[in-house]
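First the structure, in the form of structure tokens, and then the observations on it.
The values are calculated or read from the model by the stated rules, or taken from the named source; none is laboratory data. In this text the structure is predicted, and so the values were computed from the model without any measurement. Because the Cβ atoms are built from the backbone with ideal geometry, glycine has one as well, and the counts that use them run over all protein chains shown.
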Amino acid sequence: MSQPSKILLQTTIPTVIDDWHIGRFGLLRDYLAGLRDMAGTPLFEVTARDRDPSGAPDSVLSQLDTSSFDEMWLFAVDTGDGLTEEDCAAISRFRQRGGGLLVTRDHMDLGCSVCTLGGVGAAHFFHSKHPEPDPARHCIDDTFASDILWPNYHSGANGDFQHIRISAPLHAVLTDPDSPDGTVHCLPAHPHEGAVGKPADDPSARVIATGRSTVSGAEFNLVVAFEPSADGGPAIAQSTFHHFADYNWNPQLGAPSFVAEPPGDALAHSPEAQRSIERYVRNLALWLAGRPVDTALAD
């Protein structure tokens, strides 16, 4: 009987009720914890936490490389001070020793403390730190939120879903044998997604999925995958943590008070989109743990 892979779901802020604390990712936590193999054994043991108070190394992140976790999903929801130098160094060593790593952020400079993470940090582009190398991309896409500057790609309302475009060759995390063409089709939508891209000097990385703005029609990157190599374990850079947040899966669960845009409800009325998103999350967790994405699961 195989042992469950250990997943850490982690934010880069202390617990603040009126913010994107780890409790706002409860549907993701419950979904991952509920996955079972054909023998009924849990596939994953899930730990979900916010960081310790800022200003000092986090007690878990600063020692992540010596932990028993197999993978970490890092939700960078800070405004620049979410990770200390010690935290970043340990997270980088965690991946170097083979750990799987998902790093996701949001618009403008939200989550920019990830910039110094080894490898995957270079895949994230922000407004004030490490901007996209193409100046033509430095333009406002979401024209509805006047206080949010680029990058802020508008893929739709929170609570709606977007149809993604697969970048060939098809990556394992985007496979779905239950869909007509064998691929994942949807991710949750968000009015102002961040920017990710392939680091120019990393041959292990490539863009595997893109989206298109519902405002400007601009195509933007959604997911960058880093294949496991001698330099580190598997990793994913994702354009926004809203692909995984409760509010985007079910807006009735609420959001922080500073979220001003009215939500949609298209995802609630599309069982196929819901299934596609769950398949993507399942694939991510298995792939980051070094397990086959076609692992048979109990119904």
Residue check: is ALA298 at pLDDT below 95 and not hydroxyl-bearing (Ser, Thr, Tyr)?
yes
Before we move on, is ALA123 over 18 Å from PRO234 (Cα atoms), crowded, with 21+ Cβ neighbours inside 10 Å and among the hydrophobic types (A, V, I, L, M, F, W, C)?
no
Checking PRO42 against (1) over 16 Å from the mean Cα position of the chain (by Cα); (2) within 26 Å of ALA205 (Cβ to Cβ), only one condition comes out false. Which one?
(2)
Consider LEU170 carefully, then state whether it is touching a strand residue (DSSP E or B) at 6+ places or on another chain (Cβ under 8 Å), touching a residue at least 40 places away in the same chain (Cβ under 8 Å) and of a type in the set (A, V, I, L, M, F, W, C).
no
ARG206: passes all of (1) closer than 30 Å to PHE144 by Cβ; (2) in a strand (DSSP E or B) but (1)
Of ASP78, ASP65, the only residue that is part of a loop (DSSP other than H, G, I, E, B) and of a type outside the set (Phe, Trp, Tyr) is ASP78
From the set of residues in the range 85-108 that are surrounded by fewer than 19 Cβ atoms within 10 Å (Cβ to Cβ) and not in a helix (DSSP H, G or I), which is farthest from the chain's Cα centre (by Cα)?
ARG97
Return the residues of the range 185-206 that are under 16 Å from the mean Cα position of the chain (by Cα) and among the acidic types (Asp, Glu); say none if nothing qualifies.
GLU193
Looking at the range 270-294, which of its residues are part of a loop (DSSP other than H, G, I, E, B) and in contact with a strand residue (DSSP E or B) (Cβ under 8 Å, 6 or more places away or on another chain)?
SER270, ALA289, GLY290, ARG291, VAL293, ASP294
Can you give me the number of residues within the range 84-100 that are within 20 Å of ALA230 (Cβ to Cβ) and not small (Gly, Ala, Ser)?
6
Conditions: (1) surrounded by 18 or more Cβ atoms within 10 Å (Cβ to Cβ); (2) farther than 30 Å from GLY159 by Cα; (3) without any contact (Cβ under 8 Å) to a residue 40 or more places away in the chain. ARG29 meets all but one. Number of the miss?
(2)
Residue in the range 109-150 that is farthest from SER229 (Cα to Cα), counting only those that are part of a loop (DSSP other than H, G, I, E, B) and of a type in the set (Gly, Ala, Ser):
SER146
